[in-house]
1. Are any residues in the stretch 365-390 among the charged types (D, E, K, R), in contact (Cβ under 8 Å) with a residue 60 or more places away in the chain and surrounded by fewer than 23 Cβ atoms within 10 Å (Cβ to Cβ), and if so, which ones?
2. Of the residues G343, G362, only one is modelled with pLDDT of 95 or more, assigned by TED's automatic domain parsing to the domain that holds W256 and in contact with an Asp or Glu (Cβ under 7 Å, 6 or more places away or on another chain); which?
3. Within the stretch 330-356, which residues are in a loop (DSSP other than H, G, I, E, B) and among the polar types (S, T, N, Q)?
4. Take the stretch 254-268 and flag every residue that is of a type in the set (A, V, I, L, M, F, W, C) and either touching a residue at least 60 places away in the same chain (Cβ under 8 Å) or farther than 19 Å from G376 by Cβ (or both).
5. Name the single residue that is nearest to F242 (Cα to Cα) among those in the stretch 301-321 being without any contact (Cβ under 8 Å) to a residue 60 or more places away in the chain and either outside the structural domain of V179 (by TED's automatic domain parsing) or part of a loop (DSSP other than H, G, I, E, B) (or both).
6. Do we find that A211 is surrounded by 23 or more Cβ atoms within 10 Å (Cβ to Cβ) and either of a type in the set (A, V, I, L, M, F, W, C) or not in a loop (DSSP other than H, G, I, E, B) (or both) in this structure?
7. With the condition kept exactly as written, say whether any residue in the stretch 135-142 is surrounded by 13 or more Cβ atoms within 10 Å (Cβ to Cβ), within 30 Å of W113 (Cα to Cα), within 27 Å of the chain's Cα centre (by Cα) and not aliphatic (A, V, I, L, M).
8. Would you please list the contacts, defined by Cβ atoms under 8 Å and residues six or more apart or on different chains, that run from a residue in the stretch 208-229 that is outside the structural domain of A172 (by TED's automatic domain parsing) and without any contact (Cβ under 8 Å) to a residue 12 or more places away in the chain to a residue that is part of a helix (DSSP H, G or I) and not hydroxyl-bearing (S, T, Y)?
Amino acid sequence: MDGARAGIRAGRRARAGRAALAAGALILVLGLVALAHRYLLERLVFEPGVPEPARTALAALVAALGAAMVLQPAAERLLPLRAARLVAWPAYVWMGALFLGLCLTLASDAALWLMGAAFAPGEPADPRGAAQLRAFAVAGAGGLATLVGLRGALRGPGVRRLELRLARWPAALDGFRIVQISDIHVGPLLGRRFAEELTARVNALAPDLVAVTGDLVDGSVARLREEVAPFAGLRARHGVFFVTGNHDWYSGAEAWVAAVRELGFRVLRNERVAIGAGAAGFDLAGVDDYRGDWLHGSPSDLERALAGRDPERPLVLLAHDPTSFGAASRMGVDLQLSGHTHGGQIWPFRWLVRVAVPWVEGLHERHGSRLYVSRGTGFWGPPLRLLAPAEITEIVFRSEEGAG
């Protein structure tokens with residue numbers, strides 16, 4: 001009895017600790033959002049040279065868009081999906097514009113400082129004409145970059161074809177094609193129509209195998225079941241395989257694993273399957289996301305997925321987060337397919353991504369193993385892609401015996 005009570009108390013303390021952590025993270029995020037808006041207003045709107053009533057109107061617009069950003073997560077949970085999207089679109093577009101505006105304003109501040117044009121606190125910021133010029137330049141460049149980014153995201157993914165020659169790839173499977181889609185993020189902005197178009201485009205490639213490398217959704221099964229339903233139409237000779245991404249975990253991984261199995265996907269959860277037979281086959285392994293369950297520790301178990309494998313058989317690994325490649329390359333994986341990074345999605349955000357993940361996009365090699373990182377097929381957050389176009393990746397495998 002005492003042990004049971006102690007367990008209950010420990011569980012309560014753990015839940016209280018997680019709630020405190022979440023509350024602290026929320027307060028930090030809200031503080032950073034407020035600080036970002038204040039900085040942008042101070043440097044671009046409240047500077048001398050911005051006349052009334054334009055100053056008041058711009059401040060009100062920025063405040064309204066900032067409020068939409070703050071309210072969007074609540075709207076996503078409380079409003080019907082169609083109504084929630086009326087809040088989500090301006091909120092997320094502004095999130096991207098805010099990021100670009102901050103980058104440009106910081107860069108202009110740095111340039112002014114380097115040119116000796118910075119002023120001490122309490123002194124006039126700029127001459128009236130210079131303030132206006134800077135505000136117009138930043139607003140113009142930021143607006144143009146936002147429009148280019150919107151076009152890049154909304155025109156959809158292109159097909160990126162890659163031929164890979166692997167030393168252990170069987171000659172009998174020369175020309176075998178895997179189509180990888182990743183980071184689709186069906187949810188607040190992308191929905192059923194996008195899923196229908198993506199399914200049709202993947203099927204048109206007539207792949208031997210489809211690999212869905214995580215972050216399929218942003219939202220619960222109850223909310224998005226009908227939005228992802230078209231993916232049941234994906235077809236490949238050897239099947240459609242799925243591994244979880246961190247956003248699938250945030251959205252309820254266990255429920256989504258059951259849901260994608262109903263769609264006909266084979267979910268690889270720290271396990272391995274044989275594709276083909278004998279000399280005309282290879283192993284396909286998949287792991288849960290490396291960072292997925294951030295409150296309870298990593299659910300990924302690469303050792304379990306590779307236990308008992310024949311080291312002479314080629315192995316392709318599906319792992320959402322490319323960080324897994326550090327361990328995979330030491331364990332003889334021939335090729336790892338990953339996503340997660342979106343290729344940075346909005347330049348120059350890719351340089352911040354590189355701080356956390358050393359492999360941001362494209363093909364990499366280490367210890368004789370290869371890694372391919374998709375830039376992603378959809379987008380997350382802002383519907384912007386700037387110098388990081390979305391992709392459907394068609395990977396054609398070639399054997400060394402077929403060379404020449």
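The values are calculated or read from the model by the stated rules, or taken from the named source; none is laboratory data. Every value quoted in this text rests on a predicted model; they were computed, and no experiment measured them. When we count neighbours, we look across all protein chains shown, and the Cβ atoms used for this are built from the backbone with ideal geometry, even at glycine.
1. R370
2. Criteria check complete, one pass: G343.
3. T341, Q345
4. A255, V257, A258, A259, L263, V267, L268
5. If we take residues in the stretch 301-321 being without any contact (Cβ under 8 Å) to a residue 60 or more places away in the chain and either outside the structural domain of V179 (by TED's automatic domain parsing) or part of a loop (DSSP other than H, G, I, E, B) (or both), then D301 is nearest to F242 (Cα to Cα).
6. yes
7. Within the stretch 135-142 (the criterion being surrounded by 13 or more Cβ atoms within 10 Å (Cβ to Cβ), within 30 Å of W113 (Cα to Cα), within 27 Å of the chain's Cα centre (by Cα) and not aliphatic (A, V, I, L, M)), the answer is yes, since at least one residue qualifies.
8. none
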